[in-house]
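This report concerns only the one structure given below.
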Amino acid sequence: MICDTLEDFAAACPPLTALTGLDLGDKTIGVAVSDRIGAVATPLETIKRKKFGVDAERLLQIIADRDIGGIVLGLPRNMDGTEGPRCQSTRAFARNLSRLTDLPITFWDERLSTVAAERALLEADTSRKRRAEVIDHVAASYILQGALDRLRHLKTDTRP
């Protein structure tokens, strides 16, 4: 099920289950996971893209192994907020994935997530080779952390 708003996504996710964040690229998929209370996103792995079926099989394995309750996909909007071909590709990936799982899927604006990940890795004095290996799943953790922070605020914004 694809949820257009984070509010709908929050309502559709089972309580106390981890979430996964995905940073879709042309050649790789960065994967991050959260803890069960939705406080912290942790980079997990980078999947080398092959065909959708192979990629989805690996994602579904991660989802099953980690008891994931929802999927947050980074939506690569243009800097002016418009959606281009990469957004269309991400939305198509979500539609195809939603045919294989009943988990709720939502989107999170990923503008500058890779820049932030790169900056953090540079500050940690990570070698160029190592940065290339981990940048995608670190970016996925920035995407997921942004969604987790917003979800936490949604819970506190519901006052009687």
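Go over the candidates D4, D23 one by one and state the one that is within 13 Å of the chain's Cα centre (by Cα) and not hydrophobic (A, V, I, L, M, F, W, C).
Step by step, each of D4, D23 is checked, and only D23 is within 13 Å of the chain's Cα centre (by Cα) and not hydrophobic (A, V, I, L, M, F, W, C).
Can you list the strands (runs of 3 or more DSSP E) lying wholly within the range 33-119 that have 3 or more residues being farther than 23 Å from P14 by Cβ and modelled with pLDDT of 85 or more?
Per the criteria, 41-48.
Against the condition part of a strand (DSSP E or B) and within 19 Å of E110 (Cβ to Cβ), how does D4 come out, does it pass?
Criteria not met by D4.
Please work out if F9 is in contact (Cβ under 8 Å) with a residue 60 or more places away in the chain, of a type in the set (F, W, Y) and closer than 16 Å to R150 by Cα.
yes
The values are calculated or read from the model by the stated rules, or taken from the named source; none is laboratory data. Please read these numbers as outputs of a predicted model, since none were measured by experiment. Methodologically, a virtual Cβ is constructed for each residue, glycine included, from the backbone with ideal geometry; neighbour enumeration extends over all protein chains shown.
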